[in-house]
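See structure below.
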Amino acid sequence: MKNELVKIINDIGHTDLSRNRKPQNGDKEKFSELFNRLKKYDEISQSNRYDLLSIPPAIKMVLKIFPHKYCKNNSLKEKILRAFVITIIPGANENQDNLVSMYLDSYYPFQTYCGYFVYDLNRRSKKLFNKKEFFNLTDDEKTRVINNALNGRELTRRLYKGAILMAQVSYYGAVYDEERGCPLIDFPGRNNGYNKEEIAYPYSSKLFDKELSLDGHPW
């Protein structure tokens, strides 16, 4: 809880409460009030009363104040993510291998917040469409859910824009399947069998402009 508290303090702009300067009047009160709020949030996270308080998304994400099935149930998480990707990339095959691998890859920071992301998708879906799961919506309904989030709070917009960009980079760039490429945009993948004349100009160095200087500086 202590490490989570320090992280949240840093995120909301009270970094100096924990380091870099001498305590000022009122710091103890601010810290105590914040700690009590976080303690209350933490208690809620251990129960099923997730919607009793209007908790900022940043705190929900860091303290994981949402149903933990969205973190632990990998099949549910992947099902929602696949429904998200085929919505923002029309023509994508929902059953394609590695369709959502980038979201679950620990190399990318998004993986830490993936559980919250799928929870938020499903929460908005149920709120807008009479408790229907996101993956059971029509394409138009899914689009409305995503647009609802993109018109939400700044942090939520950043999360969704990041998720959209990751899907596009992963799918169109064939990040996890470079041999296959991306047939949807006629990208054949890595060079398999193309000769040099087919993929580059012969004597391409002759097409380059002359250098201004030997070291790259014009003077």
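Quick rundown of the values:
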| read-out | value |
| --- | --- |
| Any hit, region 158-167, residues being part of a loop (DSSP other than H, G, I, E, B) and either more than 22 Å from I88 (Cα to Cα) or modelled with pLDDT of 90 or more (or both) | no |
| Residue among F117, F110, F134 that alone is of a type in the set (F, W, Y) and surrounded by fewer than 20 Cβ atoms within 10 Å (Cβ to Cβ) | F110 |
| Output for region 91-106, where each listed residue is in a helix (DSSP H, G or I) and either out of contact with any Asp or Glu (no Cβ under 8 Å at 6 or more places or on another chain) or buried (at least 20 other Cβ atoms within 10 Å of the Cβ) (or both) | S101, M102, Y103 |
| Subset of region 186-204 that is touching a Gly at 6+ places or on another chain (Cβ under 6 Å) and of a type outside the set (F, W, Y) - its residue that is farthest from A174 (Cα to Cα) | P188 |
| V145 vs. criteria outside any helix (DSSP H, G or I), under 23 Å from N93 (Cβ atoms) and in contact with a helix residue (DSSP H, G or I) (Cβ under 9 Å, 6 or more places away or on another chain) | no |
| Of all residues making up region 107-131, the number that are over 12 Å from the mean Cα position of the chain (by Cα), modelled with pLDDT of 90 or more and not in a helix (DSSP H, G or I) | 2 |
| Odd one out for L81, checked against (1) within 16 Å of Q168 (Cβ to Cβ); (2) not in a helix (DSSP H, G or I); (3) not aromatic (F, W, Y) | (2) |
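Conditions tested, residue by residue: (1) modelled with pLDDT of 90 or more; (2) in contact with a Leu (Cβ under 7 Å, 6 or more places away or on another chain); (3) loosely packed, with under 13 Cβ neighbours inside 10 Å.
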{"residue": "V145", "(1), (2), (3)": "yes, yes, no"}
{"residue": "Y176", "(1), (2), (3)": "yes, no, no"}
{"residue": "G181", "(1), (2), (3)": "no, no, no"}
{"residue": "G189", "(1), (2), (3)": "no, no, no"}
{"residue": "E197", "(1), (2), (3)": "no, no, yes"}
{"residue": "K206", "(1), (2), (3)": "no, no, yes"}
{"residue": "S213", "(1), (2), (3)": "no, no, yes"}
{"residue": "W219", "(1), (2), (3)": "no, no, yes"}
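The values are calculated or read from the model by the stated rules, or taken from the named source; none is laboratory data. From a predicted model like this one, the values you see are computed outputs, not experimental measurements. Don't worry about glycine lacking a Cβ; one is built from the backbone with ideal geometry, like all the others, and counts go over all protein chains shown.
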